Each structure stands twice: as structure tokens, then as C-alpha cells.
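This structure is in C-alpha cells; I'll ask about it shortly.
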Amino acid sequence: QVQLVESGGGLVQPGGSLRLSCAASGTSGSIFAMYVVGWYRQTPGHSRELVANIRVPGNPDYAGSLEGRFSISRDNAKNTLYLQMNNLKPEDTAVYYCNARHIFDSHRNYWGQGTQVTVSS
């Protein structure tokens, strides 16, 4: 059973930065070998939307409006996914979720508990 634990959320002023982390466990070896791992976000009354994901091999995928301000990266040795968020805007306020989806079995789809990001002055 894959477990995902997010951290790094909080309150930040507009224009500020945050880095979210997602620590994965429950896989034999690197989670990035067999899973597409990414970040989604959700606001009240709306569906979760993709922020960015990463698969190996390949380049990261970003929601079009976020590329340039957000950057997804991974640390294989730590089995950890990151999301660097710069120049944050109030509309980035949301709960951010880490997701891991098996590349061959879509039923093996896991979510973290979420971390709140609030952008406000």
C-alpha cells in the first residue's frame, strides 16, 4: 500500500514562495519507477485540478497557466516529490494533494491527505 505524506503548506503573502514536499512509502524501490506522481489542488466547490506531474522517463507536465511559476521535481533517494511555487497569487489558495498513479494499473491510485496553501496579505 502506497502512502503519501505532504508537508510545507502554510500562509504566504502574494509574491511569496513555498515548497511543498510529498514523502512516499510502501513501494519496493523508487516510486517514480512505476508511478506517475504529481500534485493536484482543490478549492471549495470545485474539482481537483492537475498542477503538475512527473513520470520517468519523460518531461514534467504542467497545467498551462502554472508553468513558469511552479516547478515539480523529485529526489529518488528520498522517494520524495517536491513542488516549488514562486510568485504566488491569491488564486493559488487551495488544498494541495500529492497523487501517485501506477503506470499499468489505474486502480492503484493513491492520494495524500492534502496540505493547505493560503496566499493572502
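Looking for something touching a helix residue (DSSP H, G or I) at 6+ places or on another chain (Cβ under 6 Å), open to solvent by less than 60 Å² (accessible area, probe 1.4 Å) and not polar (S, T, N, Q) - is there at least one such residue anywhere in the stretch 111-119?
yes
So, one more: Filter the stretch 19-47 for residues that are open to solvent by 30 Å² or more (accessible area, probe 1.4 Å) and either assigned to a strand (DSSP E or B) or of a type in the set (A, V, I, L, M) (or both); which is nearest to W111 (Cα to Cα)? Let's see the steps before the verdict.
Kept after step one, since they are open to solvent by 30 Å² or more (accessible area, probe 1.4 Å), are these residues of the stretch 19-47: 19, 23, 25-30, 33-34, 40, 42-47.
Cutting the leftovers down to either assigned to a strand (DSSP E or B) or of a type in the set (A, V, I, L, M) (or both) gives us 19, 23, 25, 33-34, 40, 42.
Details: R19: 18, A23: 12, S25: 12, A33: 17, M34: 16, Y40: 10, Q42: 13 Å.
Here the residue is Y40.
State which residue is least open to solvent (accessible area, probe 1.4 Å) when the search covers only the stretch 80-109 and only residues that are in contact (Cβ under 8 Å) with a residue 24 or more places away in the chain and assigned to a loop (DSSP other than H, G, I, E, B).
Taking the candidates together, the pick is L88.
Can you name the residue in the stretch 54-79 that is in a strand (DSSP E or B) and modelled with pLDDT under 95 and is also farthest from S25 (Cα to Cα) among such residues?
Restricting attention to the stretch 54-79, the residues satisfying the condition of being in a strand (DSSP E or B) are 54, 61-62, 67, 70-75.
Going one step further and asking which of them are modelled with pLDDT under 95, we end up with 54, 61-62, 67, 73-75.
Numbers: I54: 17, D61: 23, Y62: 24, E67: 28, S73: 17, R74: 14, D75: 13 Å.
The extreme case among them is E67.
The values are calculated or read from the model by the stated rules, or taken from the named source; none is laboratory data. Keep in mind that this is a model prediction, so the values were computed, not measured. For neighbour counting, all protein chains shown are included, and Cβ atoms are generated from backbone atoms with ideal geometry for every residue, glycine included. For the accessible areas, the whole protein counts, side chains as well, though only heavy atoms, and no ligand, DNA or RNA atoms are used. Shrake-Rupley method; radii C 1.70, N 1.55, O 1.52, S 1.80 Å.
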